[in-house]
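Undergrad: Sharing a structure here in structure tokens format.
The values are calculated or read from the model by the stated rules, or taken from the named source; none is laboratory data. Only a predicted model underlies this, so the values are computations on that prediction, with no experimental measurement involved. So basically every Cβ, Gly included, is an ideal-geometry build from the backbone, and we count neighbours across all protein chains shown. Accessible surface areas use protein heavy atoms only, side chains included; no ligands, DNA or RNA. Shrake-Rupley method; radii C 1.70, N 1.55, O 1.52, S 1.80 Å.
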Amino acid sequence: MIEKSMNYNEFISQIKNEIKESQNNAILSVNRELLLLYWKVGRKILVNVNSADWGSKIIPKLSKELKHSFPDLKGFSERNLKYMRRLAEEYPDYSIVQQVVAQLSWSHNLVLLDRIKDKSERQWYMTKAIDNRWSRNVLVQQIESNLYERQQLVEKTSN
């Protein structure tokens, strides 16, 4: 493909846009891998804690071991490991995690897990957050303003 010649300002603008797009793609890719890792860790905790006779102290022990083995990595606190387990509980189907859940940041997912108990409502907020590229703060605002319930009322009255 032959590109047309352009002036310097167009040239530099296009290069800057390419750099920004690549940076965004890299961030999304890392986020996706992190979410998939968290789901896999959560799944292993869920399966093994329930089937093995390890007792309730496995999460603190695992947290300590992972922090020791990976001192430069964050995210293996007891609290986060419990969230990982919960993520695996709430989304037992790995394909859903790959297709939808991993499109949102960990902090988005934590907000949804903490604030939305109903799975269909949570799915609705996920889809809206992805489609509209909501920040975590916008997601929180939409949940606090009961956007889902308001949207359901609008749909009922229009039918």
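Undergrad: Would you be able to tell me the number of residues in segment 10-25 that are loosely packed, with under 11 Cβ neighbours inside 10 Å and aliphatic (A, V, I, L, M)?
TA: Residues that pass the stated criteria total 2.
Undergrad: From the list SER51, SER29, which one is of a type in the set (Gly, Ala, Ser), modelled with pLDDT under 95 and within 25 Å of the chain's Cα centre (by Cα)?
TA: On the way: SER51 fails: within 25 Å of the chain's Cα centre (by Cα).
So the residue among SER51, SER29 that is of a type in the set (Gly, Ala, Ser), modelled with pLDDT under 95 and within 25 Å of the chain's Cα centre (by Cα) is SER29.
Undergrad: Quick test of your reading of the structure: VAL101 fulfils all but one of (1) surrounded by 19 or more Cβ atoms within 10 Å (Cβ to Cβ); (2) more than 28 Å from GLN152 (Cβ to Cβ); (3) modelled with pLDDT under 95. Name the failing condition by number.
TA: (2)
Undergrad: Take GLU78 and decide whether it is under 17 Å from VAL41 (Cβ atoms) and among the acidic types (Asp, Glu).
TA: Details: under 17 Å from VAL41 (Cβ atoms): yes; among the acidic types (Asp, Glu): yes.
So GLU78 fits the description; yes.
Undergrad: Next question, about the same structure. Of the residues VAL30, VAL49, which is surrounded by 10 or more Cβ atoms within 10 Å (Cβ to Cβ), closer than 23 Å to TYR125 by Cα and without any contact (Cβ under 8 Å) to a residue 40 or more places away in the chain? Break it down into steps so the answer makes sense when it comes.
TA: Numbers: VAL49 fails: closer than 23 Å to TYR125 by Cα.
Being surrounded by 10 or more Cβ atoms within 10 Å (Cβ to Cβ), closer than 23 Å to TYR125 by Cα and without any contact (Cβ under 8 Å) to a residue 40 or more places away in the chain holds for just one of VAL30, VAL49, which is VAL30.
Undergrad: Could I ask something else about it? How many residues, within segment 64-77, are closer than 23 Å to LEU112 by Cβ and at pLDDT 95 or above?
TA: Going through segment 64-77, the residues closer than 23 Å to LEU112 by Cβ turn out to be 74-77.
From the residues that got through so far, the ones that are at pLDDT 95 or above too are 76-77.
Summing the residues that are closer than 23 Å to LEU112 by Cβ and at pLDDT 95 or above in segment 64-77 gives 2.
Undergrad: Could you grab me the full set of residues in segment 99-129 that are farther than 22 Å from ILE59 by Cβ and under 10 Å from the mean Cα position of the chain (by Cα)?
TA: VAL100, ALA102, GLN103, LEU104, SER105, HIS108, MET126
Undergrad: Counting residues that are touching a residue at least 24 places away in the same chain (Cβ under 8 Å) and either in contact with a Lys or Arg (Cβ under 6 Å, 6 or more places away or on another chain) or farther than 21 Å from SER29 by Cα (or both), which helices (runs of 4 or more DSSP H) fully inside segment 76-159 reach at least 1? Give the steps one after another, and end with the answer.
TA: On the way: elements: 78-90, 94-99, 106-115, 119-132, 136-144, 147-158.
Output list reads 78-90, 106-115, 119-132, 136-144, 147-158.
Undergrad: Just to be sure, is ARG133 of a type in the set (D, E, K, R), modelled with pLDDT under 95 and open to solvent by 50 Å² or more (accessible area, probe 1.4 Å)? Quick ask: steps written out before the conclusion?
TA: Numbers: of a type in the set (D, E, K, R): yes; modelled with pLDDT under 95: yes; open to solvent by 50 Å² or more (accessible area, probe 1.4 Å): yes.
Against the criterion (of a type in the set (D, E, K, R), modelled with pLDDT under 95 and open to solvent by 50 Å² or more (accessible area, probe 1.4 Å)), ARG133 qualifies.
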